[in-house]
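Trainee: I'd like to ask you about the structure that follows.
We did not get these values from a lab; they are worked out from the coordinates using the rules stated. What you see is a predicted model; the values in this text were computed from it and never measured. Backbone-built Cβ (ideal geometry, glycine too); neighbour counts: all protein chains shown.
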Amino acid sequence: MSNQELFDKLKDTIVNQNINGCAEATQEALDAGLSPVEIINDGLSPGMKIIGDKFEAAEIYLPQIMMSAKAMNAAMEILLPVMEAEKGEADEGAGLAITYVQEGDIHDIGHRLVTTMLGANGFKIVDLGVDVPNDKLVDEVEKNKGKKMLLVGSALMTTSMLGQKDTVEMLSEEGLRDSVKIMFGGAPVSEKWIEEIGADATAENAADAARVALEIMK
Amino acid sequence: MATEYKLRMGDGKRIFMTKEQIVADLKEGMADAADLGEIPELSEDEVDKLADIVTMPSRMVGVEQGKEVPVTHDIGTIRIDGDQGNSGVGIPSSRLVGAMMHERAFGADTMELGHIDYSYKPVKPVIAQEMQTMEVCQQNMIVPLLYGAMPNMGLYYTPDGPFPNPGDLMKAFKIQEAQEAMEHAAEHLTRDTVWIMQRLMSSGADGVNFDTIGAAGDGDMFASLHAIEALRKQYPDIYIEAGMAGELLLGLHGEMEYDGTVLAGLWPHQQAPLAAKAGANVFGPVVNTNTSKSSPWNLGRAVTFIKAAVEASPIPCHVNMGMGVGGIPMFETPTIDAVSRASKAMVEIAGVDGI
Amino acid sequence: MGMPISHIMTSGMSGIRAAGDLVARMQLAKNMRIGEAKDYVAKKLDVTTDDLSDEYVMRELREDLGIGVITSVAGAPKGIAAKMNIEKLLGIDINCCEKFRGQLK
């Protein structure tokens, strides 16, 4: 089987929510000599991109996207030990993702999805839950200073989105801004807003969030 | 230099746009709706008329005389006495006073009674008070007075209700268990809503308003449609309004069906026939406002979606036009210029039967 | 509060200031679309459909028909009494009127 055929097989198992098939295809790709990074970037991630697009177009729904995430998770359970062995004990994988919903907001469907996607994509997760005040975020970042760290905040409402600006400012005031990458998501969040408040990235949906997160943590 | 018009962003902020920019945004919003819903775009004449409405110089605009439509009201009297940081203005008053203010001071065409939490489930422990209040209101009022609340199926999951939270189960990849929790919650929601409305009908209610159907996904609509069906069967003359929570019915379960149609992923023009089939008299379609886009973009999009829903619906459509829906900015005190323009556009271009 | 009032001013039929309650009642009672509901009510009131949103026309007519007026006219039917007259006028049954009749000894 050619490399492209292996990548297509990996992609198809994600798109078709084939959990066992995804694990098998991942092992097959490793056995064929492909690296974990190639398997993720050229096989699994394109599959998640298709899933994200289908979810966005309302062609598939939450259970299906979660099954695809589970397939991705099955692949990552095989790939992570290989990646750790290749890079040594000290490597932190994709990094530590601190996920939360902004203070004043309890809408957590998107937050949960993104948290799951990041976990499935090799991030270690600290889930702070909903209605999280900025003080608590700053404490958590301070506690993990020195680690490869990503802050992932969600807000459904415009009113709670405004708190994201304070988050960035408070981290800057505490001298922690350079210790962490910051992603914000949620219905009202736009690229323009991200630029205006000095965060690092946003994404259209949960699957895209995982792709963007991996990209900015490179 | 081209003339610039005073307009709004989806969050209500003042912006200035040229006519060219306005038409471009109207068309872009329209195309987004047409693409997502696989529905027809507006005609060139309709786009021109929309542009005329948004560029009218007066602060407030109005429908042409003779084209007026009934304006129905949800959230009960909470907008008068509510003081929970929502759209309520915190005037201490009884609900009878609030309802009569709507009828006699504001000129509302219909009104509804609701309680401060505004979900059906918490009505159960206070049902006797709701019945008494309905009786007193009906003795004093003339406009149709419905009982209204949100199905809000989320209240049936932990920590608020008896069933495991599908959000937690999904996160643990327990997909089937999550779907079963939704099915159980839907059964209870249907049962509770019917029980509550049986009592309020015995107290003289004109009918029921299901407000924000689908807020907890397809299970929420499944339960609401079955409640509508049961109420219609028991009370052939009950007035039933079925108002949606969002433009797209979220597929949290993904496989629930009503009358052979999968509920997940339905757009307003697909939701309306199902509400009618279940037995609703009036359907309330919703299109959400994007706060990062301009008011012409949002209005072009909303009018396109709603026009298709009005055409597909066998029953009257009263479009939802509160804050953050129907082309109205997502803001606690939506600006009158934006509300008025969106209102006129929905009546004259989308052809709604009411608001 | 400004939002519902803005809608009423822009598009509404003014409730019992004019005949908005009657048109809404026919939509809710008989699934009538806006044109059909207006035609039905206008015929019953012997006015034009434009008159249904005209406070000048409806003010006196509502008082004459005993179907409720917005100001506090002493002796004019209010509440259930006004709705009983609406039942007869529009040819429909109204739930609270049924319940009221059921309570009379």
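Trainee: Which of the helices in chain A, when you take each full DSSP H run, stretch at least 27 Å along the axis at their Cα atoms and have an average Kyte-Doolittle score of -1.0 or higher?
Mentor: A:62-87
Trainee: Taking other Cβ within 10 Å of each residue's Cβ, how do A:ILE19, C:ILE16 sort, fewest first? Walk me through the intermediate numbers first.
Mentor: Working: A:ILE19 20, C:ILE16 25.
Least crowded to most crowded, the residues run A:ILE19, C:ILE16.
Trainee: Taking neighbour counts of Cβ atoms within 10 Å as a proxy for exposure, in what order, fewest first, do B:MET134, A:MET1 appear? Working shown, then result.
Mentor: On the way: B:MET134 24, A:MET1 10.
By the 10 Å Cβ count, ascending: A:MET1, B:MET134.
Trainee: Using a 10 Å cut-off on Cβ to Cβ distances, tally the other chain neighbours for every residue of B:170-180 and report the average as a whole number. Don't skip to the answer; put the middle values down first.
Mentor: Numbers: counts 11, 8, 3, 10, 1, 7, 1, 0, 3, 2, 0.
That works out to 4 on average.
Trainee: Can I ask one more? Counting only residues 5 or more places away or on other chains, whose amide H sits under 5 Å from the amide H of A:ILE125 once H atoms are built in the peptide plane?
Mentor: Correct list: A:ALA97.
Trainee: Oh, and also: Under 1.5 on a/c is rounded, so check that first for segment C:36-93, then, if it is not, pick prolate when a/b is larger than b/c and oblate when it is not; a ≥ b ≥ c are the square roots of the alpha carbon gyration tensor eigenvalues.
Mentor: In terms of gyration-tensor shape, oblate.
Trainee: Then there's this: Summing -39500 (n - 2.57) over the DSSP H runs of n ≥ 4 in the protein assembly as shown and dividing by its residue number, what mean residue ellipticity at 222 nm do you reach, to the nearest 500 deg cm²/dmol? Before the final figure, lay out the partial values.
Mentor: On the way: 26 runs with 330 residues, N = 678.
Estimated from H runs of four or more residues: -15500 deg cm²/dmol.
Trainee: Okay, next question. Stokes-Einstein D for segment B:132-172 at 25 °C, 0.890 mPa s, Kirkwood Rh over Cα pairs, in µm²/s?
Mentor: 185
Trainee: Using the alpha-carbon centroid of each, what span in Å lies between segment B:58-80 and segment B:114-143?
Mentor: 24
Trainee: State whether segment B:1-52 is rounded, prolate or oblate according to the following rule on the C-alpha gyration tensor (a ≥ b ≥ c being the square roots of its eigenvalues): a/c under 1.5 gives rounded; otherwise a/b larger than b/c gives prolate, and the remaining case gives oblate.
Mentor: Working: a/c = 2.80, a/b = 1.58, b/c = 1.77.
Judged from the Cα gyration tensor, segment B:1-52 comes out oblate (a/c at least 1.5, b/c at or above a/b).
Trainee: Along the Cα→Cβ direction, 7 angstrom out, place labels at A:VAL126 and C:ASP64. What is the inter-label distance in nm?
Mentor: Here the modelled spin labels are 7.8 nm apart.
Trainee: On to the next question. Is there a pair in B:LYS67/C:LYS43; B:LYS124/C:LYS105; B:LYS49/B:LYS293; B:LYS277/C:LYS88; C:LYS78/C:LYS99; B:LYS124/C:LYS78 whose C-alpha atoms are over 24 Å apart, and which pairs would that be? Don't skip to the answer; put the middle values down first.
Mentor: Values: B:LYS67/C:LYS43 17 Å; B:LYS124/C:LYS105 31 Å; B:LYS49/B:LYS293 20 Å; B:LYS277/C:LYS88 29 Å; C:LYS78/C:LYS99 16 Å; B:LYS124/C:LYS78 31 Å.
With Cα atoms farther than 24 Å apart: B:LYS124/C:LYS105; B:LYS277/C:LYS88; B:LYS124/C:LYS78.
Trainee: How about A:LYS145: which lysines have a C-alpha closer than 29 Å to its C-alpha, ignoring those fewer than 8 places off in the same chain?
Mentor: The reachable lysines, counting only those whose Cα sits under 29 Å from A:LYS145, are A:LYS87, A:LYS124, A:LYS136, A:LYS165, A:LYS181, A:LYS192, A:LYS218, B:LYS171.
Trainee: Now, a different point. Using the number of other C-beta atoms within 10 angstrom as an exposure proxy, rank B:HIS102, B:HIS184 with the fewest first. All intermediate terms of the calculation are to be shown ahead of the outcome.
Mentor: On the way: B:HIS102 27, B:HIS184 17.
Result, fewest neighbours first: B:HIS184, B:HIS102.
Trainee: Nearest-5 percent of antiparallel DSSP beta bridges in chain B? The partial results should precede the final answer.
Mentor: On the way: 9 of 28 bridges.
Percentage antiparallel, nearest 5: 30.
Trainee: Put a dot 7 Å past each Cα toward the Cβ at A:GLU169 and A:GLU84; how far apart are the dots in nm?
Mentor: So the label points at A:GLU84 and A:GLU169 sit 4.1 nm apart.
Trainee: How are the Cα pair distances of segment B:1-157 distributed, in percent, across 5 Å bins from 0?
Mentor: Pairs per bin, as whole percents: 2, 7, 12, 13, 12, 11, 12, 13, 10, 6, 2, 0, 0, 0.
Trainee: What does the average come to when, for each residue of peptide B:99-112, you count the partner chain Cβ atoms lying within 10 Å of its Cβ? Provide the component values of the computation, followed by the final result.
Mentor: Values: counts 0, 0, 1, 4, 6, 8, 3, 10, 15, 12, 16, 7, 2, 0.
Partner Cβ neighbours, averaged per residue: 6.
Trainee: What does the structure give for C:33-39 when I average, per residue, the other chain Cβ atoms found within 10 Å of the residue Cβ?
Mentor: Working: counts 9, 13, 2, 2, 5, 4, 0.
Mean partner shielding for this stretch: 5.
Trainee: Have a look at A:LEU118, A:LEU80, A:LEU44 and tell me which one the Gaussian network model of chain A (Cα, springs below 10 Å) gives the largest fluctuation.
Mentor: A:LEU80
Trainee: Shape call for segment A:43-194 from the C-alpha gyration tensor, a ≥ b ≥ c root eigenvalues: rounded (a/c under 1.5), prolate (a/b greater than b/c) or oblate?
Mentor: Details: a/c = 2.26, a/b = 1.16, b/c = 1.94.
It comes out oblate by the Cα gyration axes.
Trainee: What is the distance in Å between the Cα centres of segment B:190-231 and segment A:148-164?
Mentor: 35
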